[in-house]
Structures are given as C-alpha cells and as structure tokens.
Amino acid sequence: MYDLIIRNARICDGSGSPAYRGALAVSEGRIAAIGTRIDGDARTVVDAGGRVLAPGFIDSHTHFDAQITWDGLATPSLEHGVTTVINGNCSLTMAPVRAEHRGFVGAVFRQIEEMPAAAFDAGMRWNWETFEEYLAAFRDQLGINVATLAGHSMLRLWVMGEAARERAASSGEVAQMQELLRECLRAGALGLSTSWVDIDHEHRPVPCRLASPEELDALCAVLGEFGAIMQVVPEFWDPDLLCARIDILGDLSRRHGITVSFSPLFDSNATPELVPRALERVRLQTAYGARIVPQMQTRPIDVTFEFDVPTSVFSTRPTWWMTILKPAAQTLADFRDPVIRKQLVEEAYNAMHPIAMEVHFPDFVVRRCHLPHNKALEGRTLKDIAGERGCDPVELMLDLAVEENLKTCFSAMAVGHNNLERITGPISDPLVQVGSGDGGAHVTRFATYGDTGYLFSCFVREAGAMSLEQAVYKLTGQIAHNWGLADRGFLRPGLAADLLLFDPDTIDRGPEIAVADLPGDGYRYVRRARGVEQVYVNGQLAYSAEGGYAECREGRIVSGARQSAA
Amino acid sequence: MSASITPQRPWIYPREGDDWHSIAGREFPGRPAEEAVADLQSWNLYLVFRPAPAGMTPSDIVFTGPPAA
C-alpha cells in the first residue's frame, strides 16, 4: 500500500526526455515507483486527468532569508509550483551574524533587497548568531524546502568586525573565514555567495568587495573541499567587465573543481551585444574545463515606485536623486520650486539611463492614486493623460505627486530585459539556467513571483523557443544538477517526492497585485499562479488550486549532495 | 588542454593603497605619468565616476588597455 498514487499523468521527469502517459507512487515522502503503469493501491489516489506531472520547481535565486523566519511557506512561491528555494544569494545572509552586527546587516539587506524597514523589524526575531542556529530557528515551520548559501559579506563581518567594510583581510583572518565557511557548510550551507557589485545603505561597497583575490581564492578552496557551489553578482551591464569576470570564475572553477554561477545574465537595449559575448566566453571557459552557470530571468523588468522612497530608476539623474533622498517635506518643497522643477523636467528628458534600463518618463503608468478624484487616472500613461490635458507629462507627474503628498504610485514598465527576440535564443541555450528571480526581495517595487509560469506562457507557448520538457528540465533537473541537489529535481524512484501537477495550456503568472500581508502592516507586490493544480512537498500536498495552502509542514533544510562526504 | 586563455582586454587587480598614479607608474613605466593616468581613467570610467565614499576596492578590475575594436 502506497501513501499516494497519481495516475493518468503526462510525466515530464525533469531530465528533458519526452513526456509519456503514466503514473507515480509515493511512500514515506519518497518516490516509490514511476512508469507507464503502477499496480497496487494507495491511501490517496489522484487522477491527473492528463495534466503534466513534473518535479517541483527549484528557484535558485531568492532572498527569502528574512521572510522565511516568519513565513515558512515562502509565499507565494509554493503556489507557483516551487518546492525548493535557494536563499542567501549576493553575499547577504542572515547568518552567521553576531548580535552587535544585526543593525548593520538589517540595514544592508533592506537597502539592497528593498524590504520595508517596518516589515523587517516586525518580522525578524534575531534569536540566532551562528549558521546552525539560524537554520534551527525555522527548520520546524517549513512548508517548502530551503537551501541557503553562506554570504561572503557575513563571513568577513563575523571575523573582522567593522574592519570588514574598510580593508583586505590578513592571512590570519582569511584562515578564520575559511574555518567559518567550513562550519557553515557542515551545518547545511549549500555553498558561498559573493558580489562584485552591491553597495550598502551608506553607499559603500558591501564587505565582500573589500576582499582581495587571494581571499576569494582561499574560500573557493574550501568550497572545493566540500564540492559546494559559489554564486556571484558580476558587473552584469558591461560586456568587457562581465567577460573579464567570467574569466576569473573560469580560473576559480578549474583550480578548485567547483561550479560557479553568476546572476544575472541580463539583456538590455543599451548593450544588445552583451549576452552573446558573455555566452561565447562561457562556452570557451567551459571548453577549457570550467563549470560556469549563467542565470537568466524570464520576465522583463517593471519597477513601481513612490517618491517617498528612493528608487534606482532615478539614480543617474542627479537632481532627481538628490531631491528624493531628502526628507518628504523637503522633497515636496523641491517639487513645488519653479527653478528645481525646471531642472527636473529637463533632466527627465536629457540624462543617462540607469544601468541596463531604458527609462522614458512619458511612458510611466499611474499605478495607484490616493485621492478619489484621481482614481480615474489609474492604469493610464503620463503621456496619455498629459496629451488630454495639454501639459507636459513630467510636470503632470510632479503635480500628482505634490497633490497626493508623494503617495501616488507610478510604474515604469518593461525597462530592461524586455526584448523577446534577443532573449529566446540565450534562455534556451543548454548552458543557461533559468534563475535570478529574486523572490523575497524588492517586494514593494515589483512582484518577483511567477517567473516559472511565465517561462511556459512566453517561451514555450508564445515564442516556441523550447519544448515543454525542456522548460521543465530548466526549472528542475538542470538546477538540481548544477547546485548539487542530488535528492531532488527529477522523478526517479528513491528521490524526494517534490511533485507538481499543472495544466500545460494555462500555466502562467497572474497580474501583479498589492497585498497587505507583511509584518508591521506592510504591503508587497505578488502574482498569483495560473494553471498550477497541486504541489507536493516531500510527498505531502502543500498547495492545491482548489484548497489553497495546506497545513502540512513537510519542508526540509536542503544541503548539497557532496557536503556529507567532507 | 591548457587552461591558458588570453583575456579579451588586459586588466589588473589594484594593490593595497593604489591610486591612478601608482597603477600608471607600475603598468606604464616608460610613459609620461599624466598621459598614462589619463588613458587609465578613460578606460575605467566606471571607477572614475564611482560616487564617494565607494572608491577603488581590491576586488575591482582595472583595465590597462582600451576596449577591443
């Protein structure tokens, strides 16, 4: 007697092999049998009705590090079919963090990952310091599987204190970081994350950027001992810099026998040659024996903003940037000042675009208004409204912001990674992994959820860039293989029963909506799933379209395949 | 197969305490200092225009040649 049998399914087993009609049985949280026919009975029998049965999706680039401590389901990832999230990317993790560094780490996380301070402060319990204690703090409340990288910036901070923000490490400090990384990996860390890009809340480089090449090499040597992976953020907007970084990653990969993954591989109208050049370099390094995994996101970048919180959309426009960095009352005064307004309008039309983005003010959409008489403007572009009123679109935006005390919400749509013609080839490339989704981050700027469904709706159904089986492989088996998740990612007897039933004709992401479900009465943007019927985590039904989230908490802390051997 | 791959564009890591003049002196010892610094800066605008307080870091790439044609 099995615990569960799913019959009459179109099985995509995560390998990319052709789908077939068959059944799958589960016992004690693991796949017990799979094939065209399974005899025997089960406590629960599900008729899939010909829908696709696939391994649960794996999201390799998330920042649920904070959210997972108060939301063990990592909502809404689970309802999109994601059964394993990989946290701790970009050098930032919530452990190991000494008590005296919590303020700094929180400020950096809130800055880079754009988590509202009220939500972060209300949700975080901070009842841990070490990596092991951090995992223990949420292990028992998980409804989704969680793997976590150890953040390079956190290792530096733990060993060097404030000096981690100032200087390279001594050889003794590097040795301490190596030992600390070993401790994290033994406790269950999947690997290491680092960044060559990020800046903190005081506009200084995050601690890992102060590392010498020798320090990074020493940490990669530890990863080699454990067969663990390294994730890194390179200068993703500059072809020359990115190619040089790929060479560095190639050297590290070969020298220490490790897999390295960089994110994002990002297409932009500013540098349309970047992705082809980077992929050519990855191919060359791969031919020379390196294991480099570029991660590419599926969705275009949309950014929603209000003027009471600085947003990177304005970072290359100095007058705008200086104005919105001020306290709200001063920002309002500047927006009313005729001299400053003139500068703002001129700068809106004559300035560099932010890195990897194209920002055209007249195309901004009025997302949400607070005053009843402005509600009719919601969903319309500034250009459209201004044309009707016979005014300048930027002046209109400033007027609205002033009238609504900076609370008007605007959206800049498809400002980067939005050229489907250029993206379909690379995202289908066998070397490229789907990732860089950023779940759990930027929650008031855009919804990072549903990239999985969007892969099917956009790249399988609309563009025909890949088959259903290839898309499933890119979200399951390929990631499991790259990241050393030996227990997941495929439908094979003996593996964990992370399962997903979905309708291949309708799976998609829903529209971006605001929901007020953050701690501290905060809101965030999410997308609901379409076409996802049932999600099983370690053999238990965790979500269904019919019943919503289940009560079960069968999620696990997931570590790499090879750690236990070290 | 040899693991020696020629960089697309020459570059170095900065050393501790480096500034444009020390890098220019080391990388282009035979050239007039100001001319070498000007070239270096033109090849590394992302570092030149990096806003304070974020200066050059040990993990930065400093290009020592122009972009490939």
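The values are calculated or read from the model by the stated rules, or taken from the named source; none is laboratory data. Keep in mind that what you see is a predicted model, and the values were worked out from it rather than measured. Cβ sites come from the backbone with ideal geometry, for glycine too, and all protein chains shown count toward neighbours.
Where strands (runs of 3 or more DSSP E) fall entirely within the range A:494-566, those with at least 3 residues that are buried (at least 19 other Cβ atoms within 10 Å of the Cβ) and of a type in the set (A, V, I, L, M) are at A:499-502, A:532-537. Residue check: A:Leu241 meets all listed conditions (1) of a type in the set (A, V, I, L, M); (2) within 14 Å of chain B (Cβ to nearest Cβ); (3) under 26 Å from A:Ile86 (Cα atoms) but one, namely (3).
So which residues in the range A:265-274 are in contact with a helix residue (DSSP H, G or I) (Cβ under 8 Å, 6 or more places away or on another chain), part of a loop (DSSP other than H, G, I, E, B), away from chain B (no Cβ under 12 Å) and not polar (S, T, N, Q), if there are any at all? Across the range A:265-274, the qualifying residues are A:Leu265, A:Phe266, A:Asp267, A:Pro272. Where helices (runs of 4 or more DSSP H) fall entirely within the range A:67-164, those with at least 3 residues that are buried (at least 20 other Cβ atoms within 10 Å of the Cβ) and out of contact with any Phe, Trp or Tyr (no Cβ under 9 Å at 6 or more places or on another chain) are at A:102-113, A:152-160. Evaluation of A:Arg255 against the conditions (1) within 17 Å of B:Asp60 (Cβ to Cβ); (2) modelled with pLDDT of 95 or more; (3) within 12 Å of another protein chain (Cβ to nearest Cβ) shows that the sole unmet condition is (1). Being within 20 Å of A:Val532 (Cβ to Cβ), surrounded by fewer than 20 Cβ atoms within 10 Å (Cβ to Cβ) and either over 14 Å from the mean Cα position of the chain (by Cα) or of a type in the set (Gly, Ala, Ser) (or both) is a description that applies to A:Arg7.
Taken over the range A:476-485, the residue count meeting the criterion of being assigned to a loop (DSSP other than H, G, I, E, B) and over 21 Å from A:Ala25 (Cβ atoms) is 2.
Checked against the criteria, A:Glu114 counts as among the charged types (D, E, K, R), away from every other protein chain (no Cβ under 14 Å) and in contact (Cβ under 8 Å) with a residue 40 or more places away in the chain. Among the residues of the range A:192-247, how many are touching a Lys or Arg at 6+ places or on another chain (Cβ under 6 Å) and among the polar types (S, T, N, Q)? Residues flagged as touching a Lys or Arg at 6+ places or on another chain (Cβ under 6 Å) and among the polar types (S, T, N, Q) within the range A:192-247 amount to 0.
For the range B:14-35, residues that are surrounded by fewer than 16 Cβ atoms within 10 Å (Cβ to Cβ) and not acidic (Asp, Glu) total 11. Within the range A:259-273, the residues that satisfy the criterion of being buried (at least 22 other Cβ atoms within 10 Å of the Cβ) and free of Cβ contacts under 8 Å to residues at least 60 places away in the same chain are A:Val260, A:Phe262.
Suppose we filter the range A:39-66 for residues that are acidic (Asp, Glu), in a loop (DSSP other than H, G, I, E, B) and not assigned by TED's automatic domain parsing to the domain that holds A:Ala122; how many remain? Total meeting the criteria: 2. Taking first residues from the range A:203-224 that are facing another protein chain (nearest Cβ under 10 Å) and crowded, with 17+ Cβ neighbours inside 10 Å and partners that are outside any helix (DSSP H, G or I) and of a type in the set (Phe, Trp, Tyr), no Cβ contact under 6 Å between residues at least 6 apart in sequence or on separate chains turns up. The single condition among (1) at pLDDT below 95; (2) within 27 Å of A:Tyr288 (Cβ to Cβ) that B:Ile12 does not meet is (1). Among the residues making up the range A:276-295, a single one is buried (at least 23 other Cβ atoms within 10 Å of the Cβ) and in contact with a Lys or Arg (Cβ under 7 Å, 6 or more places away or on another chain): A:Ala290. May I ask you to verify whether A:Arg186 is under 20 Å from A:Gly103 (Cα atoms) and either more than 14 Å from every other protein chain (Cβ to nearest Cβ) or at pLDDT 95 or above (or both)? Criteria not met by A:Arg186. Counting only helices (runs of 4 or more DSSP H) that fall entirely inside the range A:296-397 and contain at least 3 residues that are of a type in the set (Phe, Trp, Tyr), exposed (fewer than 15 other Cβ atoms within 10 Å of the Cβ) and modelled with pLDDT under 95, no element qualifies.
Against the definition (within 18 Å of the chain's Cα centre (by Cα) and either closer than 20 Å to A:Ser263 by Cα or in contact (Cβ under 8 Å) with a residue 24 or more places away in the chain (or both)), how does A:Gln534 come out, yes or no? No, not satisfied.
Out of curiosity, is A:Ile31 assigned to a strand (DSSP E or B), out of contact with any strand residue (DSSP E or B) (no Cβ under 6 Å at 6 or more places or on another chain) and closer than 13 Å to A:Ala54 by Cα? Criteria met by A:Ile31.
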